[in-house]
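Notes follow the structure.
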């Protein structure tokens, strides 16, 4: 039997070296858990990955939690999932505090410009990889296009788009489930679900009673985010950008762009950008200690539900994956998320490449478009270097970020 010490050692190493986004993190776990040690078979790993993709939230972190649960139950899941998140969370906490203090300095802005140039390429790569997997039919292309227009031109809420795509996929599925579905070997106890749901939502009544308005609003928003964000971290970011910048005003567009850029520099799940957002919102209201509290609260509301989904649903993996309508709903969501990430890609690129992005009304449509004369010429060679490093030379994200950050600093001195 695998010991908790072995799980701690392996997932500690994974947590410290898991740069490069979900695809790289899943590949790293495959090497560690399937190829280098016989903890999971290839079939078990792929089934676990499929199950995690059915869930809202970060699939890589949930895959780590599932693997730990399968090896040593709840304690194994807690150790594996926790160590996957903890190193990056510590780095994000430090970066957010430094950013809140020094982010407006010219030399910091130059460094961040190189990082953001690389993120343009990283997001474009993620869009390309996902579209290759998700857009395999005319209907999928239509869903992606409608999703993009709904966000870019109409500004419709992200949860509404995802719900509509899921309903369409569920209703139009023509496959039927087999007569007998696999039964779970050990059904989840209701007490397990109740415990983790209570732990997750406990901050809400406490904050409401204490009168901490901002902390309550942060907890409520990120609790909702944890439920509706299917499709990976970049889908989460699209929803966050719409909410925290346009509707709530917690961050400026420039701060949101910087948050994504800095989150790409850390190990662990990209969804740790939520912690960065929470800390900046807290810092703006009451300084660094309040910022750290807001960041911890955001981490809690983002990641505790991941443990809930895994510990409640893991025994039913075979049953869930045997339901064609559920898989069709997930496929429709994934197609819609391609449009969501395309919208995020344009939003991010506009705010990095141009100094001025303004709202333009075209009849009933409202478009956020850049002012052509405000192009930041110095970003273009940085984007070209990042594209060369990541696509042609196939260098890793950390090295690319280091080179483009140094290039941004050098251009800032010109």
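Nothing in this text is a laboratory measurement; each read-out follows from the coordinates by a stated rule. The model shown is predicted, which means the values in this text are computed figures rather than measured ones. Heads up, the Cβs are rebuilt from the backbone with ideal geometry, glycines too, and the neighbour counts pull from every protein chain shown.
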| Estimated [θ] at 222 nm from DSSP helical runs (n ≥ 4, -39500 (n - 2.57)) normalised by residues in the chain, nearest 500 | -24000 deg cm²/dmol
| Cα-based helix-to-principal-axis angle, 21-30 vs the chain, degrees rounded to 10 | 40 degrees
| said: Quick check on segment 66-209: take the gyration tensor over C-alpha atoms, sort the square-rooted eigenvalues as a ≥ b ≥ c, and tell me if it's rounded (a/c under 1.5), prolate or oblate. | reply: oblate
| field | Highest-MSF residue in the chain out of 67, 140, 191 [GNM, Cα springs under 10 Å] | value | 191
| request: Please express the Cα-Cα pair-distance distribution P(r) of the chain as a list of whole percents, one per 10 Å bin, running from 0 to the bin with the greatest distance. | output: 5, 21, 32, 28, 12, 2, 0, 0
| Listed residues 340, 171, 121, most fluctuating in the chain (Gaussian network, C-alpha, under 10 Å) | 171
| task | Rounded to the nearest 10 degrees, what's the angle between the helix 138-152 long axis and the longest principal axis of the chain, both from Cα atoms, 0 to 90? | result | 50 degrees
| task | Post the alpha-carbon centroid distance, segment 1-30 to segment 305-331, in whole angstrom. | result | 22 Å
| query | Relative contact order of the chain: what whole-number percent is it, with Cα pairs under 8 angstrom and at least 6 residues apart? | reply | 29 percent
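Tell me whether segment 40-128 comes out rounded, prolate or oblate; compute the Cα gyration tensor, take square roots of the eigenvalues as a ≥ b ≥ c, and use a/c under 1.5 as the rounded threshold.
oblate
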| task | Assign one of three labels to segment 1-40, namely rounded, prolate or oblate, based on the Cα gyration tensor with a ≥ b ≥ c the square roots of its eigenvalues; rounded applies when a/c is under 1.5, prolate when it is not and a/b is larger than b/c, and oblate otherwise. | result | oblate
| field | For segment 223-347, alpha-carbon Rg and Dmax in angstrom | value | 16.2, 50
| How many nm separate the modelled label positions at residue 195 and residue 6, each set 7 Å beyond the Cα in the direction of the Cβ? | 2.5 nm
| query | Which of the peptides 3-10, 26-33, 271-278 is most tightly packed, and how do the rest follow, going by the mean number of other Cβ atoms within 10 Å of each residue? | reply | 271-278, 26-33, 3-10
| note | The distance between the Cα centres of segment 201-241 and segment 255-285, in whole Å, is 14 Å
| Bins of 5 Å, starting at 0 and running to the largest distance - Cα pair percent for segment 1-86 | 3, 17, 30, 30, 17, 4, 0
| field | Taking all pairs of distinct alpha-carbon atoms in segment 155-302, Kirkwood radius in angstrom | value | 17.4 Å
| message | I need 243, 318 ordered by Cβ neighbour count within 10 Å, fewest first. | response | 318, 243
| task | Please list 159-170, 69-80 highest first by mean number of surrounding beta-carbon atoms within 10 Å per residue. | result | 69-80, 159-170
| query | Rounded to a whole number, what is D in µm²/s for segment 301-414 from Stokes-Einstein with the Kirkwood radius over alpha-carbon pairs (20 °C, 1.002 mPa s)? | reply | 115 µm²/s
| request: Please determine, in degrees from 0 to 90 and to the nearest 10, the orientation of helix 324-353 with respect to the longest principal axis defined by the Cα atoms of the chain, where the helix direction is its Cα long axis. | output: 20 degrees
